[in-house]
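Working notes, structure below.
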Amino acid sequence: IAGITQAPTSQILAAGRRMTLRCTQDMRHNAMYWYRQDLGLGLRLIHYSNTAGTTGKGEVPDGYSVSRANTDDFPLTLASAVPSQTSVYFCASSAEEGTEAFFGQGTRLTVV
Amino acid sequence: RKEVEQDPGPFNVPEGATVAFNCTYSNSASQSFFWYRQDCRKEPKLLMSVYSSGNEDGRFTAQLNRASQYISLLIRDSKLSDSATYLCVVNTYTGGFKTIFGAGTRLFVKA
């Protein structure tokens with residue numbers, strides 16, 4: 001692994017189903033983030049973690065949860081997917097909050 | 001008013017042209033600024049940080065105007081490969097850092 005990796009790269013999901021998007025980084029970055037990107041709205045922060053063991057809510061946290069059990073992994077869970085959660089999801093990390101962020105390749109999620 | 005605003009474009013320019021993008025921000029306490037580049041269906045990648053004194057990296061120049069609360073990106077001698085969406089990013093410390101991405105400016109460079 002080099003950098004930050006997301007899985008899956010794309011997914012079609014039935015409404016009401018539970019889904020976890022995976023994110024792993026090998027740069028030993030303290031801060032990690034989950035964004036969604038929708039046409040015309042830019043990147044919006046869902047949840048973040050400034051260091052392992054802590055998480056915080058971003059701009060659009062409803063319907064999503066995260067955990068940060070260790071430095072490398074920051075999974076995003078949709079407990080019960082709804083069509084409005086159809087989006088492209090990007091995970092990112094930075095050495096510290098407020099510094100340059102590195103992004104994963106994104107997960108295209110379609111909820112039907 | 002949005003916290004970070006960009007002209008969505010698109011900007012259509014010929015190869016070799018000089019093009020400039022502006023990005024305005026609403027919080028005067030904002031502290032750090034970046035420009036990212038995003039290619040279609042790809043992840044954003046850092047283009048350059050923006051320093052108070054202005055900074056240059058080859059054909060790219062970034063500037064910060066704190067008095068008017070905007071940052072700019074100038075691209076000289078545009079190449080076809082510069083075609084992308086350019087995102088400005090503003091960090092504001094309010095007990096913790098708040099990072100806001102602009103919606104992006106689309107650039108098309110044509111032969």
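Data for the structure
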{"read-out": "Sequence of B:D7, A:D73, A:D38 when ordered by accessible area, the most exposed leading, probe 1.4 angstrom", "value": "B:D7, A:D73, A:D38"}
{"read-out": "Overall Cα dimensions of chain B, principal axis frame, Å, largest first", "value": "47, 30, 23"}
{"read-out": "Peptide-level mean, for B:37-50, of C-beta atoms on other protein chains within 10 Å", "value": "3"}
{"read-out": "Lysines whose Cα lies under 20 Å from that of B:K42, excluding same-chain neighbours fewer than 8 positions away", "value": "B:K79"}
{"read-out": "Accessible area in square angstrom per residue, chain A, 1.4 angstrom probe", "value": "45 Å²"}
{"read-out": "Net charge over other residues, Cβ less than 10 angstrom from the Cβ of A:Y64 (K, R count +1; D, E count -1)", "value": "+1"}
{"read-out": "Mean Cβ count within 10 Å, highest first, over the residues of peptides A:14-27, B:24-37, B:78-91", "value": "B:78-91, B:24-37, A:14-27"}
{"read-out": "Set of aspartates and glutamates with alpha-carbon distance to B:K45 below 18 Å, sequence-local pairs under 8 removed", "value": "A:D26, A:D38, A:E96, A:E97, A:E100, B:E56, B:D57, B:D82"}
{"read-out": "Dimensionless Rg ratio for chain A, taking C-alpha atoms and the 2.2 N^0.38 Å reference", "value": "0.98"}
{"read-out": "Once the Cα gyration tensor of the protein assembly as shown is diagonalised, semi-axes √(5λ) in Å", "value": "30, 20, 16"}
{"read-out": "Cα centre as origin, Lys/Arg/Asp/Glu Cβ charges: the protein assembly as shown dipole, Debye", "value": "460 debye"}
{"read-out": "Label-zone membership for the range A:93-112, site A:R28, 7 angstrom Cα→C-beta point, backbone N under 19 Å", "value": "A:93-97, A:99-102"}
{"read-out": "Proximal lysines relative to B:K2, as straight alpha-carbon distance under 21 Å, when same-chain residues fewer than 8 apart are discounted", "value": "A:K57, B:K98"}
{"read-out": "Chain pair A, B: total accessible area buried, heavy atoms, 1.4 Å probe, Å²", "value": "1400 Å²"}
{"read-out": "Around A:H29: net Lys/Arg minus Asp/Glu count, Cβ-Cβ under 11 Å", "value": "-4"}
{"read-out": "Dipole in debye (nearest 20) - chain B, about Cα centre, beta carbon charges: Lys, Arg +1; Asp, Glu -1", "value": "180 debye"}
{"read-out": "10 Å Cβ neighbours from other chains, averaged over peptide B:92-98", "value": "3"}
{"read-out": "Relative contact order for the range A:16-89, counting Cα pairs under 8 Å that sit 6 or more residues apart, in percent", "value": "38 percent"}
{"read-out": "Inter-chain Cβ neighbour average for residues A:91-98, partner chain, 10 Å", "value": "3"}
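The values are calculated or read from the model by the stated rules, or taken from the named source; none is laboratory data. On a predicted model such as this, the values are computed, not experimentally measured, just so you know. As a convention, Cβ positions derive from the backbone with ideal geometry for all residues, glycine included, and neighbour counts pool all protein chains shown. Accessible surface is based on the protein model in full, side chains and every heavy atom, while ligands, DNA and RNA are left aside. Shrake-Rupley method; radii C 1.70, N 1.55, O 1.52, S 1.80 Å.
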